[in-house]
1. Within the stretch 53-68, track down each residue that is hydrophobic (A, V, I, L, M, F, W, C) and in contact with a strand residue (DSSP E or B) (Cβ under 6 Å, 6 or more places away or on another chain).
2. Would you check which residues across the stretch 32-74 are among the charged types (D, E, K, R), free of Cβ contacts under 8 Å to residues at least 24 places away in the same chain and out of contact with any Ser or Thr (no Cβ under 9 Å at 6 or more places or on another chain) and list them?
3. I'd like the full set of residues that are exposed (fewer than 12 other Cβ atoms within 10 Å of the Cβ) and closer than 13 Å to residue 21 by Cβ, limited to the stretch 34-76.
4. Looking at the stretch 77-86, which of the residues that are open to solvent by 50 Å² or more (accessible area, probe 1.4 Å) and either touching a helix residue (DSSP H, G or I) at 6+ places or on another chain (Cβ under 7 Å) or in a loop (DSSP other than H, G, I, E, B) (or both) is modelled with the highest pLDDT?
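The values are calculated or read from the model by the stated rules, or taken from the named source; none is laboratory data. Treat the numbers as computed from the prediction; the structure is a model and nothing was measured. Methodologically, a virtual Cβ is constructed for each residue, glycine included, from the backbone with ideal geometry; neighbour enumeration extends over all protein chains shown. Side chains included, ligands, DNA and RNA excluded: accessible areas come from the protein's heavy atoms. Shrake-Rupley method; radii C 1.70, N 1.55, O 1.52, S 1.80 Å.
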Amino acid sequence: MQSRRGPLKSAVASNVVSLVRRCSRTACGRPAVATLTYVYADSTAVLGPLATYAEPHCYDLCSEHSSRLTAPRGWEVVRLATDSGPPRPSSDDLEALANAVREAARPPARPDTAGPGGRDADPMETARRGHLRVLRSPES
């Protein structure tokens, strides 16, 4: 595309996209740690942990800009608790991991025994490892 000043150039220097979300403030390239959302009906600015997805009407802020955040006169700032450290595994995560290890270590079910839920085993199934099944080729 041409303009009167010459060909239009992209502001991005390369095609590489960073996987780290950056601070929304102009000229700040630090990684984002918090998300700012405005609730206009309540005149409230809500600053919370970094949202899972980048939303069009939310602003990601680095730790410096989130700590210095101020709101317009008459507005209230609500700061939700943020986790400053890396996420720690919960007991649910550890239990799911232990169940997966137990399931993988379980010997494969024999074809002549009933399958899960009391149903007969699939005649096409030759082996099983956890939730994965090995099936016979349809030609045989």
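1. Scanning the stretch 53-68 gives 58, 61.
2. 68, 73, listed by residue number.
3. 52, 53, 55, listed by residue number.
4. Looking at the filtered set, the residue picked out is 80.
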